[in-house]
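Each remark here refers to the structure printed beneath this line.
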Amino acid sequence: MYVPRKKNHNHKVASNVMRLDPKNPIPYEPTGESEAFLLSSNSRKYIPFLAPKDNFFQLLLEAKLLSPTNNSCVNSKIHFCVGDGLFFKDETQEDPSLTEWMKRVNKKGQHFNKVIKTVFNNYLTVGNAFVEVIRGKIGTTKFIKVVNRPFLDCRLSLPNSDDISESVFISKKFRQRNAWTLKEDEVLELPIYYGDTKMPWYKSAQGTEHCILHIKNEVPGYEYYGMPDNVSSLPWQIMEYKGARYNIDNFENNMVIGGTFIINGNLTDKERIEIAKDVLYTHTGDGNNGRIIVLSGQNMDASKSGFQPFDVHKDGSFLELDENTEKKIINSNNWDSSLYGQHKTTGMGNGGNSYLTTIYNIKKKTVIEPLQRMMKEEFLSPLFEICDKWMNTEWSNIDLGFKSVSPTSFISDIDVNKILTKDEGREILGYPNMTSKEKGESIIDENKQNKNIHV
């Protein structure tokens, strides 16, 4: 098994309970020094993400899933980055072997475009993606398989003397507490491919060889794991969920009392229960919503008899807080809410096709294309390099691109007279083709200056 060079670090004992507290809103390590966790009895260690709790993968994932705004931003970016999938920019470079290989790239039967989409998702959610590359033979036929490993199961090995992690530990046990007590047979260690042709691949009992491509969003000051761009809005992502949770608790779990119903006079228990039932049917909703206390007695204040509602709303504008939270999350993603379907009604031109087109073109140059370029450089390029060396292909020389999708339709901006022939126009109107084939195949706009246009 591949074993990286070791570096002396103190054994860190921790508890991976997810929490975001006011003193440490983001468990970041500004010193750039790593704290290693002991993996097993033979002193093999891994780098937590992040110390001291090793729970940051779970925290980022939960924050994304529970924040509607952040989830929409990430999913929208994935949609525009992947588009309609890979295509050959130069038709003369189309390679049937590559097209056939992309149809099924692993035992799950996944198309290569689906793997790329998952890699984008992991990268934008937690700033890291771990893609396993498997090479092997069936008889004399060589093959390459690609599997996207869940980031929750992956940890980087202790860095070597050059401060580089040479391998990744993979185990579902990392999702559990006290993962640092894992045994030898509970963890798979795969080498990270950095382009070194002499790198020793991990060899399985079935004869296949394995390595890992680690795609990460590098952050200055923390050289091992990547970070998502939206990490700066993590407190607001959690706040967005907390606000919804607070309202749900008030609505369903009756954290506050809706009011009291005061009856001046002595009542038997049976009479009080009957009156209470009538009050509940009149003043409350489903379940415990707006629960009411019924009080009775001779010494009650007669002026306050009847229903006395409580003010269950706290001071402050929840609407403004929600809007501010949403803006913080969108800004941290370097995105625009109109690109994930939110209709804007304020501002000149907002909500129209021209506005959407302008926003899309800006984000295409500043966000989408840089992400696509990163994916080609850090994932497609090394992967096809491995394929070429193993299967004697020439896929690295093929210029591939992502087929773009647009948030708007440009049909209304197109002058149909400049793209349709006369016969095509007549067909739309239900007329037969012109007797002259030459005239019928001419563009309508050619005779547009002539007032006597015959279609």
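With both labels modelled 7 Å from their Cα along Cα-to-Cβ, the ASN247 to ILE273 distance reads 3.8 nm.
Here the label points at LEU65 and LYS198, each 7 Å from Cα along the C-beta direction, are separated by 4.5 nm in the simple model.
Extending 7 Å from the Cα toward the beta-carbon at both GLU100 and ASP185 defines two label points whose distance is 4.1 nm.
No lab work stands behind these numbers, since they all come straight from the coordinates. If you're wondering where the values come from, they're calculated on a predicted model, not measured in any experiment. Cβ: placed from backbone, ideal geometry, glycine included. Neighbour counts: every protein chain shown.
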